[in-house]
Amino acid sequence: MWREISVCGNVYTLRETRSGPIRGQLAQGESSALQDGSLVDLCGATLLWRTAEATRSHSLEERQPWAYLTCGHVHGRHDWGQKPEHCREHEGGPSTGGRRECPLCRSLGPYVPLWLGCEPAFYVDAGAPTHAFVPCGHVCSERTAKYWAETSLPHGTHAFQPICPFCSTPLTGTPGFTRLIFQGPVD
Ligand SMILES: [Zn+2]
Ligand SMILES: [Zn+2]
């Protein structure tokens, strides 16, 4: 159901026609807060509102590559060295802080699923997807990763911090991204 929202955030039923001079009735008790999937029509340009939590919750796949963010080694998903229940509890979240040991180089760090950053407007070049943001695991080109890691955005009332442009997660560590090391098939 479409509603008209005033500049003050009040909710009204629609006008008789969109260009009509008389606004609709005040919709008592309705909130103008956006929910995941809300459509916002701005004079003909329609925007889709997605929350940061929504995009990844149901799309984790069995064959999805995972990577150790400290060293960049990419693996298939595995539960080595960790109880499966514990692992499942922690998968997919950037803020768990769980540290795992990479079986290739033994470095300790977060082990996260990789997600290709899918909004082309955030890319600064057409380079190969070789780097991942830390801690969310969004993958993009090297120049794109550097650009966003060096771009501090306003945070709170007076701070600035770099974020992943694909999911808005604040980047951690320096430089805030890792170079991925893909391995060929073992035979
Ligand atoms: Zn490693
Ligand atoms: Zn991200």
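Excluding ligands and nucleic acids, what accessible area in Å² is computed for I5 using a 1.4 Å probe, to the nearest 10?
Counting only protein heavy atoms, I5 exposes about 90 Å² to solvent.
Considering only protein heavy atoms, what is the solvent-accessible area of L153 at a probe of 1.4 Å, reported in Å² to the nearest 10?
Its heavy atoms expose roughly 50 Å² to the probe.
Ordering R100, R143 by how much accessible area each has at a 1.4 Å probe, largest first, what is the list?
R143, R100
How would the stretch 1-52 be classified by its alpha-carbon gyration tensor: rounded, prolate or oblate, with rounded meaning a/c under 1.5 and the a/b versus b/c comparison settling the rest? List each step's numbers first, then the result.
Details: a/c = 2.44, a/b = 1.40, b/c = 1.74.
Cα axes put the stretch 1-52 in the oblate bin.
With charges only on Cβ, +1 for K and R and -1 for D and E, what is the dipole size of the stretch 1-51 about its Cα centre, in debye, rounded to 20?
Taking the Cα centre of the stretch 1-51 as origin, the dipole is about 80 debye.
Enumerate the amide H contacts of H73 below 5 Å, restricted to partners 5 or more residues apart or on another chain; note that Pro and chain-start residues carry no placed amide H.
Answer set, sorted by chain and number: Y68, I181.
How much accessible surface does H155 have with a 1.4 Å probe, in Å² rounded to 10?
That residue has around 90 Å² of solvent-accessible surface.
The values are calculated or read from the model by the stated rules, or taken from the named source; none is laboratory data. These figures come from a predicted structure and were not determined experimentally. All Cβ positions, glycine included, derive from the backbone under ideal geometry; neighbour counts span all protein chains shown. All accessible areas refer to the heavy atoms of the entire protein, side chains included, with ligands and DNA or RNA removed. Shrake-Rupley method; radii C 1.70, N 1.55, O 1.52, S 1.80 Å.
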